[in-house]
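Data block below; observations after.
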Amino acid sequence: MAKRYRDIVGDGGSDVDGQLEQLRHRLSSRLASIRHVVAVMSGKGGVGKSTLTTNLAAGLAMKGHAVGVADADIYGPSLARMLGVAERRPKPGRDGVAPPRTVLDIKVMSMALFLEDAQAPVVFRGPSREAFTWKGMLEMHALREFLADTDWGELDYLLIDLPPGTNQFATLHDLIRPAGSLVVSLPNRLSREVVGRSLVLARQVLKAPMLGVVENMAGYFCNGCLSRQPLFDRQAEADYDGLPILGRIPFDPRFVDACDAGRPYLLDYADAPPGQDLMGLCDRLCDRLATVASAKEPCL
Amino acid sequence: MKFLCVECDEPMKFDQFGGMDDDGSLAVTFRCPSCEWGVTMLTNPQETQMVRSLGVQIGSERTAPAPMAMLRQFMPFDALDGVDGEASPVEASASGASKCPFAKMIKDMDT
């Protein structure tokens, strides 16, 4: 009988297992200087994850914390634009790649920073036929390199803004185990249903620790009469499988202008009711993470 | 991946690199050290790309991968190229990296 793979000593010297272990070590070493890694996810698109991440980062920075943001949306990156660093370039440094910093000193890493211009699509070099065989690997490596090769330095919070769906969330949980995840939803039945499905995957399949839910666009804030109006028809009571709702953020059209201008809404409107809601959300997020970190209460 | 000469029950050794075509297809010839029977491994562009996308180096001579090496290798535009910065000791290996995933193996076997 001919020899089998294990009968021939060595693997040509490649030590693929050792190389993968080195990549894992590089990632865990980098994240060791970050107190809390928080994923911002939703099963559904268009719920305002990136807007929320932008303003959470701003709110935490305004409270004096050191904050970084990783844009895990490989094909639709938006955080660099929303945080005002889209025209900047990361810089190679002695300890990884130095990310651009915003006016609030938030460190940002995004695929957008690796594109030639704002209109350039994300296209990996390689044969276009049967690209499904290798594209998924590159997406995973892009996220891994964002986390492992960015010189984040010492951070209190690293927020990871995930694309819609659960695929990248599952990849993230293969790579690292965030301190907890924040789930973004809208106060309507469709969103709650889709988000509920992603929660089942996150909690039951991946056993991912969840911090709570944020309901975005929970009403409309009128800057003229300073009142809060419902944005959607009255819906059934929210039920997110027992997860606490950490915040309900009303929509303010100035969110859109702020995003376009690359300036977090909170920088200019922290005193407006939606701004106060966002700052309150930051406090509750910090409290939840502190509770989880001190193991007084496990993540749900 | 190893190649075995069934007749001799001997692992084959690298013999010749047939080059990588523009589309990414690759040819590497291995030969049995006992009977000199040869076999050429031909990969199509997808197979070559699949190995490249694993993010590991094939062969015994390795350099620590430069930061963002995969991104820089696979993005059509190198955002870090020409940017002033404090270059890391392994920085040079990113831009100078061979596109052939088996380059290290071939170099090993060549010497």
> Taking R0 as 41 Å, what's the FRET efficiency between residue A:287 and residue A:190 from their Cβ-Cβ distance, rounded to 0.05?
Replying inline: 0.85
>> Are there any residues in region B:1-32 with a reduction of at least 20 Å² in accessible surface when going from the isolated chain to the assembly of protein chains? Probe 1.4 Å, please list them by number.
In response: B:1, B:2, B:4, B:9, B:11
> Based on the Cβ-Cβ distance of residue B:27 and residue A:170, what FRET efficiency does E = 1/(1 + (r/R0)^6) give at R0 = 51 Å, to the nearest 0.05?
Replying inline: 0.85
>> Give me the inter-chain shielding for A:121-127: mean count of other chain Cβ atoms within 10 Å, whole number please.
In response: 6
> Antiparallel DSSP bridges in region A:163-256: what percent, to the nearest 5?
Replying inline: 15 percent
> Given Cα pairs under 8 Å that are at least 6 residues apart, what percent is the relative contact order of region B:1-59?
Replying inline: 25 percent
>> In 10 Å bins starting at zero, report the fraction of Cα pairs in region A:126-235 per bin as a rounded %.
In response: 11, 32, 28, 20, 8, 1
> Where does each of A:94, A:6 land when they are ordered by accessible area, with a 1.4 Å probe and the largest first?
Replying inline: A:6, A:94
> Karplus couplings for region B:36-45 from phi (6.51 cos²θ - 1.76 cosθ + 1.60, θ = phi - 60°), rounded to Hz, Gly and Pro as x?
Replying inline: 6, 5, x, 9, 10, 8, 10, 10, 7, x
> For residue A:154 and residue A:21, what does the FRET efficiency come to when R0 = 30 Å and r is the distance between their Cβ atoms, rounded to the nearest 0.05?
Replying inline: 0.75
> residue A:276 to residue A:87: extension gain in nm, 0.36 nm per residue of separation minus the Cα-Cα distance?
Replying inline: 65.0 nm
> For the peptides A:143-151, B:70-78, what is the packing order when you average, over each peptide's residues, the other Cβ atoms within 10 Å and list the highest mean first?
Replying inline: A:143-151, B:70-78
> Given 20 °C and 1.002 mPa s, how large is the Stokes-Einstein diffusion coefficient of region B:1-59 in µm²/s, with Rh as the Kirkwood radius over Cα pairs?
Replying inline: 173 µm²/s
>> For residue B:4, what residues show an amide H to amide H distance below 5 Å, using hydrogens built from the backbone and excluding near sequence neighbours?
In response: B:12
> Using a probe of 1.4 angstrom, how much of the accessible area of the protein assembly as shown is carbon and sulfur, in percent?
Replying inline: 51 percent
> How many Å² of accessible area per residue for region B:1-42, probe 1.4 Å?
Replying inline: 63 Å²
>> Can you work out the Karplus-derived ³J(HN,Hα) for every residue in region A:215-228? Use 6.51 cos²θ - 1.76 cosθ + 1.60 with θ = phi - 60°, whole Hz, and x for glycine or proline.
In response: 8, 8, 6, 7, x, 10, 9, 8, 6, x, 9, 6, 10, 10
> Expressed in nm to one decimal, what extension gain is obtained for the pair residue B:64 and residue B:13 from 0.36 nm per residue of sequence separation less their Cα-Cα distance?
Replying inline: 15.8 nm
>> Going by amide H atoms built from the backbone, whose H comes under 5 Å of the H on residue B:58, apart from near neighbours?
In response: B:104, B:105
> residue A:263: net charge of surrounding residues, Cβ under 15 Å, Lys/Arg +1, Asp/Glu -1, itself excluded?
Replying inline: -2
>> Contact order normalised by length for region A:168-300, with contacts defined as Cα pairs under 8 Å and 6 or more residues apart; what percent is it?
In response: 24 percent
>> Which one, A:106, A:60, A:16, projects farthest toward the positive side of the charge dipole computed for chain A from Cβ point charges (K/R +1, D/E -1)?
In response: A:16
> For chain A, what is the mean residue ellipticity at 222 nm derived from helices alone (per DSSP H run of n ≥ 4: -39500 (n - 2.57); sum divided by total residues; nearest 500 deg cm²/dmol)?
Replying inline: -11000 deg cm²/dmol
> Based on DSSP, what percent of beta bridges with both residues in chain A are antiparallel, to the nearest 5?
Replying inline: 15 percent
> Rounded to the nearest 100 Å², what is the sum over both chains of accessible area buried where B meets A, with a probe of 1.4 Å?
Replying inline: 4100 Å²
> Taking every residue in A:93-99, how many Cβ atoms of other protein chains lie within 10 Å of its Cβ, on average?
Replying inline: 5
>> I need the phi-derived Karplus couplings for region A:57-73: 6.51 cos²θ - 1.76 cosθ + 1.60, θ = phi - 60°, integer Hz, Gly and Pro marked x.
In response: 4, 5, x, 5, 5, 5, 8, x, 8, 8, 10, x, 9, 10, 8, 8, 7
> Hey, what's the Cα Rg ratio for region A:21-294 versus the globular rule of thumb, 2.2 N^0.38 Å?
Replying inline: 0.98
> Taking K and R as +1 and D and E as -1, what net charge do the other residues with C-beta under 11 Å from the C-beta of residue A:2 add up to?
Replying inline: -2
>> In Å², and per residue, what accessible area does chain A have when probed at 1.4 Å with the other protein chains present?
In response: 45 Å²
> Mind checking the mean number of beta-carbon atoms from other chains within 10 Å of the Cβ atoms in A:2-8?
Replying inline: 4
>> For Cα pairs less than 8 Å apart in space and 6+ apart in sequence, what is the mean separation divided by the residue count of chain A, i.e. the relative contact order in percent?
In response: 24 percent
> Per 10 Å bin, what percent of the C-alpha pairs of region A:12-87 does each bin hold, from zero upward?
Replying inline: 15, 36, 29, 14, 5, 0
> Which value in nm describes the separation of the simple spin-label points at residue B:34 and residue A:35, placed 7 Å from the Cα toward the beta carbon?
Replying inline: 6.5 nm
>> Amide H of residue B:18 versus every other amide H placed in the peptide plane: which residues, excluding those fewer than 5 positions away on the same chain, fall under 5 Å?
In response: B:27, B:28, B:29
> In what order, largest first, do A:65, A:36 sit by accessible area if the probe radius is 1.4 Å?
Replying inline: A:65, A:36
> Ranked highest first by average number of other Cβ atoms within 10 Å, how do A:266-273, A:116-123, A:40-47 line up?
Replying inline: A:40-47, A:266-273, A:116-123
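The values are calculated or read from the model by the stated rules, or taken from the named source; none is laboratory data. Just so we're clear, the structure is a prediction, and the values are computed from it rather than from any experiment. Every residue, glycine among them, receives a Cβ derived from its backbone with ideal geometry; neighbour counts consider all protein chains shown. When the accessible area is computed, the model is the full protein with side chains, heavy atoms only, and any ligands, DNA or RNA have been set aside. Shrake-Rupley method; radii C 1.70, N 1.55, O 1.52, S 1.80 Å.
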